[in-house]
Amino acid sequence: MATRTAALLSATFMLFLDVSIVNVASPAIRQDLGASTGAVELVASVYTLAFACTLITAGRLGDRYGYRRLYLIGMAVFTLASVFCAVSFSIEWLIGSRALQGFGAGVMAPQVLSIIQRTFPPEQRGRLFAAYGSAIGLATVTGPVLGGLLVQLRVPGLDWRLVFAINLPVGIAALWGLRLLPESPPGERTALDLAGAALSVITLGLLVYPLAVGHSADWPLWTVVMLCAAPVALAVLVAHQLSRERHGRWPLLKLVLVRDPGFRAGLVAVAAFFAGVPPFFFFLSVYLQTGFGHSALAAGLTQLPFAVATGAASRWSAPITSWLGRGVLVKATGALALSMLALAAIVDMRGADVQPWELAVPMAVGGACFGVFTTTAFAQALSRVPPDATGSASGLLTTVQQAAGSLGLTVGGVVFYLASPTAALAGEATVVRDRHVTGFTDLLLYEAVVFALACVASLLLDRKAALPQPVG
């Protein structure tokens, strides 16, 4: 059991680690490859774009051809793309390799949830879902720490490349461990909804791409047009899926899932929660490195209390959940919102004199709440999904998570840079610090609001979970 869990979740840890680990390596990448700020931001955002656009279709393919087979393909592509990233000789090559890496991650991610739901007995699923959430949480918060450490090692000829090269041994080990995973039987060999797959990619591309690059490009007209077109594409996708259901043809996405109030509330809770996670870690690194001149390692170590508390809460999620009782997600997200307010108060009060250790207590509280949520939310959201729709549900849940993260990063950037505009970076050091203090304080207030919304959504999930499932 332990060996199979490690083989399954090592991939989850790795692919979510690559969302956050690049942040602290961005300055080194820019200097080494002579890239512009916008190009370096694209290194991070193109991964998320390819990741998000692949998930729904990959989940459906897992239902059809078998989850372990798709897991193998995704892991192989991801590992190979990591090698391409590590040997990149230009920023264009690195961006292309990151897109391929995101594609591999998108193929692999929904299969993990599906394997847990479909191939393990019910008495083991609770622990596996907790381990899955723990892997996501630890990857998210340890990415900056590990990235800062790897960059700080300054290995000749490698430097930032270690951030990607570290995926190679993990990927090889995960591929070797694939034989330990239970085989899942292929589903019904119905024709794949190619039009639905294309529409899902177009819809997510219209949403995620302008959100990812809009700020660095100063929001040109084409980004606004794409964002306006996204809801139209979504409406066309939904109409197409409903039409296939009415005519008895298998759709890409079973919309009956969204009709279930429990699963719908789970989607909202996950979306609200992960709209706050990426901007917090990204702009904390900006605040510490650009505003105060701390090293990548120091910026990473500042987040260590959050990471340690996340790991501890994930490890002991079962007794913590039992102790907190009913409404554990409500209590976790509410406390997380309060920890953001505490951080905002410290940063605002101490100003440019704030020291990283002064943030340790609220960071630890936030990390514990983060660990509890990630180990519980996915299990609750998927607990009512019919077996034949597990892949679609997993793909949709992870897609919502990634799209919400992109949206949150964009909104958080607007909040942060309203008080800390890019133009100020060329000014006096004192001005830069003061503006970053104000910007980060405002961002933390945004974080408190977002996690409060996640608290409300978690309350709905808690209530709706007790309702009977809809028929069909």
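Read-outs: derived from the displayed coordinates by stated rules, not from any lab. What you see is a predicted model; the values in this text were computed from it and never measured. A quick note on method: Cβ atoms are made from the backbone with ideal geometry, for glycine too, and the neighbour counts reach across all protein chains shown.
Where nothing but the Cβ of Lys and Arg (+1) and of Asp and Glu (-1) is charged, how large is the charge dipole of the chain around its Cα centre, in debye to the nearest 20?
Roughly 1480 debye, rounded to the nearest 20.
Calculate one ³J(HN,Hα) per residue across segment 302-314 by plugging θ = phi - 60° into the Karplus curve 6.51 cos²θ - 1.76 cosθ + 1.60, and present them in order as whole Hz with x for glycine and proline.
Running phi through 6.51 cos²θ - 1.76 cosθ + 1.60 with θ = phi - 60° gives 4, 8, 4, x, 4, 5, 5, 5, 4, x, 5, 5, 5 Hz.
Quick check: pseudo-label points 7 Å beyond the Cα along Cα→Cβ at Val225 and Val414, how many nm apart are they?
So the label points at Val225 and Val414 sit 2.1 nm apart.
Output the 0 to 90 degree angle, nearest 10, between the alpha-carbon long axis of helix 122-153 and the longest principal axis computed from the alpha carbons of the chain.
Result, in degrees: 30.
Is the C-alpha gyration tensor of segment 199-294 telling us rounded, prolate or oblate? Criteria: a/c under 1.5 is rounded; beyond that, a/b larger than b/c is prolate, otherwise oblate.
oblate
Apply 1/(1 + (r/R0)^6) to the Cβ-Cβ distance of Ala312 and Trp357, taking R0 = 22 Å, and write down the FRET efficiency to the nearest 0.05.
Efficiency computed from Cβ-Cβ geometry: 0.70.
Pairs of Cα atoms under 8 Å, at least six residues apart: use those to get the relative contact order of the chain, whole percent.
For the chain, the relative contact order is 24 percent.
Under the classification rounded if a/c is under 1.5, otherwise prolate if a/b is larger than b/c and oblate if not, where does segment 98-138 fall, given a ≥ b ≥ c as square roots of the Cα gyration tensor eigenvalues?
In terms of gyration-tensor shape, oblate.
In whole Hz and in residue order, list the ³J(HN,Hα) couplings for segment 400-416 that follow from phi through the Karplus curve 6.51 cos²θ - 1.76 cosθ + 1.60, θ = phi - 60°; x for Gly and Pro.
For segment 400-416, the Karplus curve yields 4, 4, 5, 5, 5, x, 5, 5, x, 5, 5, 5, x, x, 4, 5, 5 Hz.
Hey, what do the phi angles of segment 318-327 turn into as Karplus ³J(HN,Hα) couplings, whole Hz, using 6.51/-1.76/1.60 and θ = phi - 60°, x for Gly and Pro?
Values, residue by residue: 4, x, 5, 4, 5, 5, 6, x, 4, x Hz.
Per-residue ellipticity at 222 nm for the chain, helices alone: DSSP H runs ≥ 4 residues times -39500 (n - 2.57), over residue total, nearest 500 deg cm²/dmol?
Theoretical 222 nm ellipticity from helices: -26500 deg cm²/dmol.
Normalised by the number of residues in segment 1-100, what is the relative contact order in percent for Cα pairs under 8 Å and 6+ residues apart?
About 30 percent, as a whole number.
Using Cβ contacts closer than 10 Å as the measure, can you line up Met108, Met14 from fewest to most?
Met14, Met108
Measure off 7 Å from each Cα along the Cα-to-Cβ vector at Gln124 and Gln152, then give the distance between these two points in nanometres to one decimal.
Inter-label distance under the simple model: 3.9 nm.
Between beta-carbons, use under 14 Å as the cut-off and find the net charge around Glu358, counting Lys and Arg +1, Asp and Glu -1.
-1
Residue farthest toward the positive end of the dipole of the chain, with Cβ of Lys/Arg at +1 and Asp/Glu at -1: which of Leu255, Ala368, Val347?
Leu255
Going by C-beta contacts inside 10 Å, put Ile136, Ile95 in order with the fewest on the left.
Placing the least packed residue first, the sequence is Ile95, Ile136.
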